[in-house]
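Novice: A single structure is presented below for examination.
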Amino acid sequence: MKAAAGKYWLVFKTELKNRIAEKFDFLLHLAYLPLAALIVYFVWSIVFQNTKTVHGFSFNDMIAYAMTALLVRRISQNAWVASTLEKDIVEGKIITFLCRPLNYKAYNLAQRLGWNFVLALVIVPLIIIIAFAFNQNITALHFLLGLLLLSMAVVFTFLEFYCIGLLAFWFERVWGFKHAADWIQEILS
């Protein structure tokens, strides 16, 4: 059991090293965040132009929430999992994984968690800065519960897109399913 866990720990560490080595790619992945934050800020500025609260939320509350949701969404996005699985199924590469003493789902999860961990190292401090900048009362309990919920969101979206990727066994392409699920998440977030 310990040896099996060691394999996935190695995958996690390898993905960490890849993300750190590919700094430019990582920065491009985050490049849209300042623009999205400005759009969020200006949209809510217009909404709050003639009022102090909207359904009990002040402007600072709404901006902190909207920007935090934007950042959390960035960490928990796992749509690439469906594309990777689809590619492995369609190209027949999945058989190599299935013949190895390796759990394909655990391998992909460990890889994704490595990527999410690097993102979290940048984004979680940004969330804390936003909370303080917009006068949000964040306690240690709030912070720990937030990290727990963030972890659950990452695992949930991973499993969601993994299941969508498995549809490639029956459909040639899962692009439409993947994007529909991603758009629904975007709208609901």
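The values are calculated or read from the model by the stated rules, or taken from the named source; none is laboratory data. This one's a predicted model, so the numbers in the text were calculated from it and none came from an experiment. Positions of Cβ are generated from backbone atoms using ideal geometry, with glycine treated the same way; all protein chains shown enter the neighbour counts. Accessible surface areas use protein heavy atoms only, side chains included; no ligands, DNA or RNA. Shrake-Rupley method; radii C 1.70, N 1.55, O 1.52, S 1.80 Å.
Novice: Of everything in segment 149-189, what is part of a loop (DSSP other than H, G, I, E, B) and open to solvent by 100 Å² or more (accessible area, probe 1.4 Å)? Give them in sequence order.
Specialist: Residues of segment 149-189 that are part of a loop (DSSP other than H, G, I, E, B), as a first pass: 170-174, 189.
Trp170, Glu172, Arg173 - these are the residues of segment 149-189 that are part of a loop (DSSP other than H, G, I, E, B) and open to solvent by 100 Å² or more (accessible area, probe 1.4 Å).
Novice: A follow-up question, please. For Lys13, state whether it is at pLDDT 80 or above and either open to solvent by 50 Å² or more (accessible area, probe 1.4 Å) or out of contact with any Asp or Glu (no Cβ under 6 Å at 6 or more places or on another chain) (or both).
Specialist: Working: at pLDDT 80 or above: yes; either open to solvent by 50 Å² or more (accessible area, probe 1.4 Å) or out of contact with any Asp or Glu (no Cβ under 6 Å at 6 or more places or on another chain) (or both): yes.
When the stated conditions are applied, Lys13 passes them.
Novice: Look at Tyr65 and say whether it is touching a Phe, Trp or Tyr at 6+ places or on another chain (Cβ under 9 Å) and either among the aromatic types (Phe, Trp, Tyr) or modelled with pLDDT under 80 (or both).
Specialist: Taking the combined requirement at face value, the residue satisfies it.
Novice: I'm trying to understand the selection: among the residues of segment 42-73, which are out of contact with any helix residue (DSSP H, G or I) (no Cβ under 7 Å at 6 or more places or on another chain), open to solvent by 40 Å² or more (accessible area, probe 1.4 Å) and of a type outside the set (S, T, N, Q)?
Specialist: Correct list: Phe42, Val43, Ile46, Val47, Lys52, His55, Gly56, Phe57, Asp61, Tyr65.
Novice: Same structure, new question: Mind checking which pairs have a first residue in segment 113-142 that is over 30 Å from Lys7 (Cα atoms) and touching a residue at least 40 places away in the same chain (Cβ under 8 Å) and a second that is among the aliphatic types (A, V, I, L, M) and surrounded by fewer than 18 Cβ atoms within 10 Å (Cβ to Cβ), Cβ under 8 Å, 6 or more apart or different chains?
Specialist: Listed pairs, sorted by first residue: Ala131/Ile138.
Novice: Here's another thing I want to ask about it. Among the candidates Leu113, Leu109, Leu102, which residue alone is of a type outside the set (Phe, Trp, Tyr), in a loop (DSSP other than H, G, I, E, B), touching a helix residue (DSSP H, G or I) at 6+ places or on another chain (Cβ under 7 Å) and closer than 26 Å to Leu10 by Cα? Steps first, please.
Specialist: Values: Leu113 fails: in a loop (DSSP other than H, G, I, E, B); Leu109 fails: in a loop (DSSP other than H, G, I, E, B).
Only one candidate qualifies: Leu102.
Residues are listed down the side, and each one gets a yes or a no for (1) within 24 Å of Ile128 (Cα to Cα); (2) among the β-branched types (Val, Ile, Thr); (3) touching a Gly at 6+ places or on another chain (Cβ under 7 Å):
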site	(1), (2), (3)
Ile20	yes, yes, no
Phe26	yes, no, no
Tyr32	yes, no, no
Ala37	yes, no, no
Gln49	no, no, no
Thr53	yes, yes, no
Ser58	yes, no, no
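Novice: Return a yes/no flag: does segment 96-104 have any residue that is under 17 Å from the mean Cα position of the chain (by Cα) and either at pLDDT below 85 or not β-branched (Val, Ile, Thr) (or both). Show your work before the answer.
Specialist: Within segment 96-104, the subset under 17 Å from the mean Cα position of the chain (by Cα) is none.
No, that holds for no residue.
Novice: Please find, within segment 23-41, the residue that is nearest to Val118 (Cα to Cα) out of those that are assigned to a helix (DSSP H, G or I) and open to solvent by less than 80 Å² (accessible area, probe 1.4 Å). Steps first, please.
Specialist: Residues of segment 23-41 assigned to a helix (DSSP H, G or I): 23-30, 32-41.
Narrowing further to those that are open to solvent by less than 80 Å² (accessible area, probe 1.4 Å): 25-26, 29-30, 33, 36-37, 40.
Numbers: Asp25: 12, Phe26: 9, His29: 12, Leu30: 12, Leu33: 16, Ala36: 20, Ala37: 21, Val40: 25 Å.
Result: Phe26.
Novice: So which of Ser83, Ser58 is under 30 Å from Trp170 (Cβ atoms), at pLDDT 85 or above and not hydrophobic (A, V, I, L, M, F, W, C)?
Specialist: Numbers: Ser58 fails: under 30 Å from Trp170 (Cβ atoms).
Ser83 is the lone residue from the list that is under 30 Å from Trp170 (Cβ atoms), at pLDDT 85 or above and not hydrophobic (A, V, I, L, M, F, W, C).
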